Each structure stands twice: as C-alpha cells, then as structure tokens.
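Heads up: the structure comes next, in structure tokens.
The values are calculated or read from the model by the stated rules, or taken from the named source; none is laboratory data. The structure displayed is predicted, hence computed values, not measured ones. Using ideal geometry, Cβ is built from the backbone for each residue, glycine included, and neighbour counts are taken over all protein chains shown. Surface areas here come from the heavy atoms of the whole protein model, side chains and all, with no ligands, DNA or RNA. Shrake-Rupley method; radii C 1.70, N 1.55, O 1.52, S 1.80 Å.
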Amino acid sequence: MKTVSIQLPETVFSSLRKNPEEFIQEMRIAAAVKWYEIGNISQNKAAEISGLTRTQFINALSRYQVDFMQYTAEELAEEMANVD
C-alpha cells in the first residue's frame, strides 16, 4: 500500500465535526463515489479505494444520492456473467 501525505487547515476537522482519521476516511469515500459516478472506476475499484466492502460502498452511494447502477449494457452483461 502507498502512503500519501496532504496538508489541511486545522479548521476543516472541526467544521465537519470529524477527527483527522474520520475526515481522511470520508475523503476516500467521497472521492471513490465521485469517480464511480462519472464512470472513471468500477464499483469494485471504488470499494477498494474507499476502504469499504462492496455492500458498504453501495450504501455510501445511497448516502451521497448516487445511483448504484452506473453500468453500460455491455458492463452489465459482463457483471451478470460473473455472478456465481
């Protein structure tokens, strides 16, 4: 795993009522949700980036009011072919 360091003003933590660890986790989720929403990454990759299970990521999509079905017809057919 790669570690990335960023600097943030102290005020962001208090304004969102989150400690630094919670804030970083929420940033990971927000980024993954947005990248999934615009079609840059798959649900599986988004779940990985966010540090959530796929089910937890789908719940996060709901919290951010993003439809969990961001599939093209081809992607949906591929996904259905991989269902066990």
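Below is a table of values for the structure above.
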{"item": "Residue-wise HN-Hα coupling along the range 46-52, computed from phi with Karplus coefficients 6.51, -1.76, 1.60 (Hz; x: Gly, Pro)", "result": "4, 4, 4, 4, 6, x, 10"}
{"item": "In sequence order, calculated HN-Hα J values of the range 53-65 (Karplus, 6.51, -1.76, 1.60; Hz; x Gly/Pro)", "result": "6, 4, 4, 4, 5, 4, 5, 5, 4, 4, 4, 8, 6"}
{"item": "Inter-label distance, nm, simple model (7 Å from Cα along the C-beta direction), E79/E22", "result": "3.1 nm"}
{"item": "Accessible surface of the chain [probe 1.4 Å, protein heavy atoms]: carbon and sulfur percent", "result": "54 percent"}
{"item": "Gain on full stretching of the segment that runs from Y64 to T3 - 0.36 nm per residue minus C-alpha separation", "result": "19.4 nm"}
{"item": "The chain: most fluctuating residue of S14, S42, S62 per GNM, C-alpha cutoff 10 Å", "result": "S14"}
{"item": "Accessible solvent surface per residue of the chain, calculated while the other protein chains remain in place, 1.4 angstrom probe, Å²", "result": "78 Å²"}
{"item": "Cα centre as origin, Lys/Arg/Asp/Glu Cβ charges: the range 1-76 dipole, Debye", "result": "160 debye"}
{"item": "Unit Cα scatterers, Debye sum, the chain: log10 I(q)/I(0) for q = 0.12, 0.13, 0.17, 0.21 Å⁻¹", "result": "-0.42, -0.49, -0.75, -1.02"}
